[in-house]
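The next block holds one structure in the form of structure tokens; read it before the comments.
Only the coordinates and a few stated rules stand behind these numbers; no lab work does. Treat the numbers as computed from the prediction; the structure is a model and nothing was measured. Cβ placement follows ideal geometry from the backbone for every residue including glycine, while neighbour counts extend to all protein chains displayed.
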């Protein structure tokens with residue numbers, strides 16, 4: 001529900017005062033969805049805006065219990081992620097029965113960097129960093145804004161030419177998979193729905209490397225590691241349930257890797 005309710009600019013959006021949101025949900029949208037055969041199976045998420053709006057937006061809307069009964073989760077974008085990621089955890093701690101979902105992300109959105117950059121690793125790295133940060137702070141899913149775009153980063157009726165995991169060259173009847181495409185695969189392929197995040201502890205405080213770990217419904221352990229540094233890093237991965245056994249992994253500079261083993 002809503003698209004960037006506090007945003008300025010020329011995008012299509014539904015602007016709501018926070019105080020009016022709960023009234024609209026409890027008096028109109030929520031009951032209408034519940035009466036509908038299709039709507040009753042829809043998960044309603046609130047906000048759909050930047051991390052800067054949390055946890056206040058969720059606090060105000062969800063304190064209205066009549067509105068809260070219709071709400072399943074909280075939708076958040078990635079564009080103002082200079083705001084501490086801890087605000088996601090704070091939001092979860094205040095509203096643990098509502099999931100948090102990343103509903104929009106893209107690279108090339110800043111005015112000085114518009115348009116696709118074919119083969120650019122740094123943009124894939126940005127995706128990996130943000131996904132790891134989000135998943136490590138109670139976000140249960142992450143969505144790219146554009147599955148595919150043309151060579152100019154469009155089409156866009158507001159001339160918002162950005163990048164995408166897949167770029168289409170219609171003239172040549174070709175498409176190009178960007179680093180972002182393969183980065184997303186490390187998470188979407190190896191961490192299926194129903195996976196549960198588990199504790200991951202680095203003995204030395206990570207600076208340019210990071211990771212996230214899960215147990216899958218198939219009882220496999222999945223570890224995704226990212227090295228944003230300019231030097232390779234060697235990890236010794238220890239599973240406390242494996243009686244001190246360790247797995248040695250060398251992660252090249254500017255790279256991502258996924259390790260899977262049976263629980």
With label points set 7 Å from each Cα along the Cα-to-Cβ direction at residue 173 and residue 121, the distance between them in nm comes to 3.4 nm
Among 31-39, 223-231, what's the highest-first ranking by average C-beta atoms within 10 angstrom per residue? 223-231, 31-39
Beyond 16 Å, how much of the Cα-Cα pair distribution for region 19-113 remains, as a whole percent? 57 percent
Return one number: the angle in degrees, 0 to 90 and rounded to the nearest 10, between the long axis of the Cα atoms of helix 121-135 and the longest principal axis of the Cα atoms of the chain. 70 degrees
In what sequence do 46, 249, 18 fall when counting other Cβ within 10 Å, fewest first? 249, 18, 46
Expressed as an acute angle from 0 to 90° and rounded to the nearest 10, what is the orientation of the C-alpha long axis of helix 179-188 relative to the principal long axis of the chain? 80 degrees
Going by C-beta contacts inside 10 Å, put 19, 188 in order with the fewest on the left. 19, 188
Could you please rank 181, 82, placing first whichever residue has the fewest other Cβ atoms within 10 Å of its Cβ? 82, 181
Packing rank of 153-165, 198-210, where each peptide gets the mean count of other beta carbons within 10 Å, highest leading: 153-165, 198-210
Span from the region 48-117 Cα centroid across to the region 168-194 one, whole angstrom: 24 Å
Using the basic label-point model (7 angstrom from Cα toward the beta carbon), what is the residue 56 to residue 246 distance in nanometres? 4.8 nm
After finding the eigenvalues of the alpha carbon gyration tensor for region 209-262, what semi-axes result from the square roots of 5 times each, listed largest first in whole Å? 22, 13, 7
Placing one identical point scatterer on every Cα of region 18-192 and ignoring solvent, what is log10 I(q)/I(0) from the Debye formula at q = 0.14, 0.17 Å⁻¹? -0.84, -1.07
